[in-house]
Amino acid sequence: MKDIIIPDNWTTRTNINSYIKDFNSLGLIGLDRFIYVNDRFGHIVGDEMIQDFIDEIDKEFKNEKINVKLCRFGGDTIMFLAQSYAKDILKFSENLIKHLDTFLNNKIKTYAVGDYKDALDFKMSASLGLASYENFELDNIFVVADKNMYKAKIEGGNRVIHSTIAS
């Protein structure tokens, strides 16, 4: 995972703006109901779950040969910048969310053993907010992707909400 996470200074506005010109999509992926992982299994398991989540996302991008930068943006939210046509990144994102549904629910079962066997009374999934763009500043793109991720969560999670921003 260490080679996936961009150094902390990447998340500063100046550095993201310097990267953004090389990409045309910004995505935010959040774990749905992640609070239950920490509450039932503890924060060490929660952190391990997030690391596995990031590794899996990175693997899927590499499998599709999509140029991407990934970082843990905060809590259970992963941000990515990708270079791909809007329709292609949308299709990839929809497939990624379906894949993550299976991955996350199989992964969480590995923790529901012994004293924790009755703790698995919830389903894991992820929501993805996506904004594809041309020549826009970070603030505009990020706001759109952020709103899209939370709209996906409000609509029940396990989905992608996408917007294309034209200049």
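Taken together, the values in this text are just the output of simple stated rules run on the coordinates, not laboratory data. Predicted model, so just to flag it, every value in this text is computed and none were measured. So basically every Cβ, Gly included, is an ideal-geometry build from the backbone, and we count neighbours across all protein chains shown.
Among I89, I35, I57, which one moves the most in a GNM of the chain with springs linking Cα atoms closer than 10 Å? Its mean-square fluctuation being the largest, the pick is I35.
Distances between placed amide hydrogens fall under 5 Å for N158 paired with A126, S127, all partners being 5 or more residues away or on another chain. Each of V45, V37, V113, V68 has some number of other Cβ atoms within 10 Å of its Cβ, and from fewest to most they run V113, V45, V68, V37. Looking at region 67-167, the chymotrypsin sites (Phe, Trp or Tyr not before Pro) that sit in a DSSP loop and have at most 16 other Cβ atoms within 10 Å of their own Cβ are Y85, F122.
Quick check on the exposure proxy: order S132, S163 from fewest to most C-beta atoms within 10 angstrom. Can you show the working numbers first?
On the way: S132 26, S163 16.
By the 10 Å Cβ count, ascending, the order reads S163, S132.
For the chain, set up a Gaussian network in which alpha carbons nearer than 10 Å are linked by springs, and say which option among D47, D58, D101 fluctuates the most. Of D47, D58, D101, the Gaussian network model singles out D47 as fluctuating most.
Within the chain, all pairs of alpha-carbon atoms sorted by distance into 10 Å bins from zero give the percentages 10, 41, 34, 12, 3, 0. Summed over qualifying helices (DSSP H, 4 residues or more, each -39500 (n - 2.57)) and divided by its residue number, the chain shows a 222 nm mean residue ellipticity of -15500 deg cm²/dmol. For K21, K123, K69, the sequence from fewest to most other C-beta atoms within 10 Å is K21, K123, K69.
Among N63, N24, N105, the residue with the largest mean-square fluctuation in a Gaussian network model of the chain, with springs joining Cα atoms closer than 10 Å, is N63.
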